[in-house]
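The values are calculated or read from the model by the stated rules, or taken from the named source; none is laboratory data. Being a predicted model, the structure only gives us computed values, none of them experimental. Reconstructed Cβ throughout: ideal geometry from the backbone, glycine too, with neighbour counts over all protein chains shown. Just so you know, the surface numbers come from the protein's heavy atoms only, side chains and all, with ligands and any DNA or RNA stripped out. Shrake-Rupley method; radii C 1.70, N 1.55, O 1.52, S 1.80 Å.
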Amino acid sequence: EVAFDGAELPMLVTAGTDGTVLFHNLTLWKNDVVLVGRRPKSEIIPGEFNENGTPKRKRPDPPKEKNANGYALVVNLENVASLPEECTSEKNLPGVRSLSLYSPRGTGGNNRKLMYSDDTGSLRLYHARNGTIARTLDLGAVQTSNTAKSGASAALGVGSDVVFVSASKAEKIIQRCTGLAGTTVVSLAYDVLTPSFLIAGLDSGDVLVFNTKWRPGGEQAGPSKSQCKLINKTPKSINGDFSTDTILALKGYFLSSSKDGNVFNVWNSTNGRELGMRFVLGATGRDLGAVKDWSVVQSTGAGGKVENMFLAVKTGPSSIAVYSHLLPHTFNFSDITWLRMPMILVGVAGVFFWNYYKKGNGGRRRGKTNP
């Protein structure tokens with residue numbers, strides 16, 4: 001299993017089949033300049049001293065191996081995760097089920113966390129900066145899907161249902177999404193345009209869409225009243241039954257595929273609240289070639305705004321192809337109910353300032369005397 005977080009100081013986490021977890025820091029160079037990542041510390045020059053007697057130091061040399069454009073990526077091992085108390089050695093560590101690396105809101109890469117679940121139903125939260133365990137939680141069952149994070153909570157597939165935990169404290173949240181009996185949730189992703197929509201892929205090939213912020217009383221109900229409700233179930237693939245092992249969320253779309261990449265479907269999620277999820281296209285391994293695995297890479301600009309998304313496709317033991325999707329995204333602006341509250345606030349502010357202005361002018365007029 002592999003997890004990556006590119007916030008400020010990029011970090012890569014790998015978990016072996018024996019359960020060991022390794023933390024790596026990444027530094028991207030272009031020629032002799034560090035573009036992204038941790039800048040290497042200066043080095044002491046042996047036998048050379050400054051006038052005040054302190055050792056002279058020099059900037060480390062850039063990597064010698066670069067590509068044709070002068071880029072070089074340096075990966076260094078930073079920490080090894082601490083062993084849980086019940087394990088006496090790395091040889092009896094339980095197998096890893098899922099890794100999720102993220103930075104809590106407002107902390108950048110300084111307080112990065114790793115959420116790790118194993119095949120005994122245990123979930124551990126690590127401090128990524130030093131590899132120590134922050135908290136351990138018993139899920140009560142083995143996690144069956146990846147971990148999908150949105151805001152302060154993380155969603156995990158456990159059997160046929162989806163459970164939620166606090167992303168900062170690894171504590172269980174009462175909320176739960178009830179899936180289809182007799183199926184297993186194997187993949188999760190939050191919709192890009194509507195983060196309250198959680199997309200779940202099942203081993204039966206079905207794809208479920210939950211509204212995790214549904215409130216029985218409508219918009220007037222408090223946030224504590226929110227529930228998880230199944231709002232959409234997509235029809236099975238036209239290419240036959242397959243396990244939906246991967247869900248990829250793009251702007252206005254989501255993609256589902258089997259683990260071996262032999263079946264690949266695209267769904268339109270724009271205006272999903274009113275129109276549901278619409279099937280766009282499907283493909284098989286014969287159309288895509290020998291696809292082994294999929295991953296989403298985001299390109300971000302100023303303010304962290306997502307500018308583009310790419311699909312990184314593993315096509316062999318040592319080959320990766322990168323595709324930029326050309327799916328058109330158009331949004332229906334006919335629904336402007338979200339403007340209701342901002343317009344009310346603007347109206348109230350306008351009335352307040354108008355009364356203040358009139359009162360001020362009236363006071364000045366009354367204070368004037370005739371010559």
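Ala189 falls short on exactly one of the conditions (1) at negative phi; (2) surrounded by fewer than 18 Cβ atoms within 10 Å (Cβ to Cβ), and that condition is (2). Total residues in the range 113-130 satisfying the condition of being open to solvent by 20 Å² or more (accessible area, probe 1.4 Å) and assigned to a loop (DSSP other than H, G, I, E, B): the figure is 4.
Go through the residues of the range 40-47 one by one and say whether even a single one is without any contact (Cβ under 8 Å) to a residue 40 or more places away in the chain, surrounded by 15 or more Cβ atoms within 10 Å (Cβ to Cβ) and under 32 Å from the mean Cα position of the chain (by Cα). So far as the range 40-47 goes, yes, one or more of its residues are without any contact (Cβ under 8 Å) to a residue 40 or more places away in the chain, surrounded by 15 or more Cβ atoms within 10 Å (Cβ to Cβ) and under 32 Å from the mean Cα position of the chain (by Cα). Taken over the range 188-218, the criterion of being under 16 Å from Phe242 (Cβ atoms) and at pLDDT 90 or above is satisfied by Ala200, Leu208. Applying the condition of being out of contact with any strand residue (DSSP E or B) (no Cβ under 6 Å at 6 or more places or on another chain) and within 22 Å of Tyr71 (Cβ to Cβ) to the range 10-33 and asking which residue is surrounded by the fewest Cβ atoms within 10 Å (Cβ to Cβ) yields Val33.
Yes/no matrix, rows are residues, columns are (1) surrounded by 11 or more Cβ atoms within 10 Å (Cβ to Cβ); (2) within 27 Å of the chain's Cα centre (by Cα); (3) at pLDDT 85 or above; (4) part of a strand (DSSP E or B):
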| site | (1), (2), (3), (4) |
| --- | --- |
| Glu51 | no, no, no, no |
| Pro63 | yes, no, yes, no |
| Val74 | yes, yes, yes, yes |
| Cys87 | yes, no, no, no |
| Asn111 | yes, yes, no, no |
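Count of the range 156-182 residues, restricted to those that are touching a Cys at 6+ places or on another chain (Cβ under 9 Å) and open to solvent by 30 Å² or more (accessible area, probe 1.4 Å), is 3. If you go through the range 13-34 and keep only what is farther than 22 Å from Thr120 by Cβ and part of a loop (DSSP other than H, G, I, E, B), you end up with Asn31, Asp32.
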